[in-house]
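Chemist: My structure is below; once you've seen it, I'll send some questions.
The values are calculated or read from the model by the stated rules, or taken from the named source; none is laboratory data. These numbers were taken from a predicted model, which means no experiment stands behind them. Methodologically, a virtual Cβ is constructed for each residue, glycine included, from the backbone with ideal geometry; neighbour enumeration extends over all protein chains shown. We work out accessible area using only protein heavy atoms, side chains counted, and drop any ligands, DNA or RNA first. Shrake-Rupley method; radii C 1.70, N 1.55, O 1.52, S 1.80 Å.
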Amino acid sequence: ARPAKTLPAPVGHALRPVRGYSKSRTAFDGVSQPVSCIFMEWIVMKISFAEPKLPTSGLLGFLVGADARLGASAKVVDKATKGALTRALKAASFAGKKGESLSVLAPQGREKATILLIGAGNAKDVDALRAQEIGAQIYKAIGAVSGSAATIIAEMTGAKARGGELAASIAIGARLRS
């Protein structure tokens, strides 16, 4: 198979999900749980699975549960940015409710990155259908922040949809919204 070719963004359109990555057991900080990430850029949607990695530049998105609970991967980035995500959550009174999003531009330690925090609501309510709604929400939020590509870490402890199912459902929701 030949590699996908990146195309320029059509006027008036946002990002489309390209690849979903899933690793089922170890999060970025060594915590044992399903972790997935979705890469979005301007090309036809393709999904494949591989080991997720946290980029140091571009747009990086994390799901945030109710009461502004960060996942394990978001905590790793928060530590690397010397608490920038936690400070932003408090300053914006971000609660992680369904439909909320918060952009953190160029935090210390990740000056070439924009971090998008996406409110997912209660983890126990996140099933495949709710994950599609989150994907549509992410698509809308990314369109307001970025113009090229994004990495979304699809990780939420306690969600009904987990790992690859969560990532695939988010990608489908983003694609449906496009």
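Chemist: Which residue pairs have Cβ atoms closer than 6 Å, lie 6 or more positions apart in sequence or on different chains, and pair a first residue in the range 93-116 that is on the phi > 0 side of the Ramachandran plot with a second residue that is open to solvent by less than 60 Å² (accessible area, probe 1.4 Å)?
Modeler: What qualifies is Gly96/Val64; Gly96/Gly65; Gly96/Ala66; Gly96/Ala68; Gly96/Gly119; Gly109/Ala80; Gly109/Thr81.
Chemist: Which of the residues belonging to the range 134-162 are farther than 23 Å from Ala80 by Cα and over 13 Å from the mean Cα position of the chain (by Cα)?
Modeler: Within the range 134-162, Gly143, Ala144, Gly147, Ser148, Gly158, Ala159, Lys160, Ala161, Arg162 meet the criteria.
Chemist: Assuming Lys82 fulfils every condition listed in (1) surrounded by fewer than 21 Cβ atoms within 10 Å (Cβ to Cβ); (2) closer than 18 Å to Arg177 by Cβ apart from one, which condition is it?
Modeler: Lys82 satisfies every listed condition except (2).
Chemist: A further question on this structure: Condition (residue is out of contact with any His (no Cβ under 9 Å at 6 or more places or on another chain), at pLDDT below 55 and open to solvent by less than 20 Å² (accessible area, probe 1.4 Å)) applied to the range 48-68: is it met by at least one residue? Give the derivation first.
Modeler: Looking only at the range 48-68, we keep the residues that are out of contact with any His (no Cβ under 9 Å at 6 or more places or on another chain), and these are 48-68.
So of that shortlist, the ones also at pLDDT below 55 come out as 48-50.
Restricting the remaining residues to those that are open to solvent by less than 20 Å² (accessible area, probe 1.4 Å) gives none.
No, because not a single residue in the range 48-68 is out of contact with any His (no Cβ under 9 Å at 6 or more places or on another chain), at pLDDT below 55 and open to solvent by less than 20 Å² (accessible area, probe 1.4 Å).
Chemist: Can you say whether Gly109 is at pLDDT 90 or above and either surrounded by 23 or more Cβ atoms within 10 Å (Cβ to Cβ) or under 21 Å from Val77 (Cα atoms) (or both), as far as the supplied structure shows?
Modeler: Details: at pLDDT 90 or above: no; either surrounded by 23 or more Cβ atoms within 10 Å (Cβ to Cβ) or under 21 Å from Val77 (Cα atoms) (or both): yes.
So Gly109 does not fit the description; no.
Chemist: So which of Ile142, Ile152 ends up being part of a strand (DSSP E or B) and surrounded by 19 or more Cβ atoms within 10 Å (Cβ to Cβ)? Break it down into steps so the answer makes sense when it comes.
Modeler: On the way: Ile142 fails: part of a strand (DSSP E or B).
Answer to the check: Ile152.
Chemist: Could you tell me whether Lys90 is assigned to a loop (DSSP other than H, G, I, E, B) and either among the basic types (Lys, Arg) or touching a Lys or Arg at 6+ places or on another chain (Cβ under 7 Å) (or both)?
Modeler: Numbers: assigned to a loop (DSSP other than H, G, I, E, B): no; either among the basic types (Lys, Arg) or touching a Lys or Arg at 6+ places or on another chain (Cβ under 7 Å) (or both): yes.
The answer is no for Lys90.
Chemist: Return the only residue of Gly119, Gly164, Gly158 being surrounded by fewer than 23 Cβ atoms within 10 Å (Cβ to Cβ) and either of a type in the set (Ser, Thr, Tyr) or part of a strand (DSSP E or B) (or both).
Modeler: On the way: Gly164 fails: either of a type in the set (Ser, Thr, Tyr) or part of a strand (DSSP E or B) (or both); Gly158 fails: either of a type in the set (Ser, Thr, Tyr) or part of a strand (DSSP E or B) (or both).
Only one candidate qualifies: Gly119.
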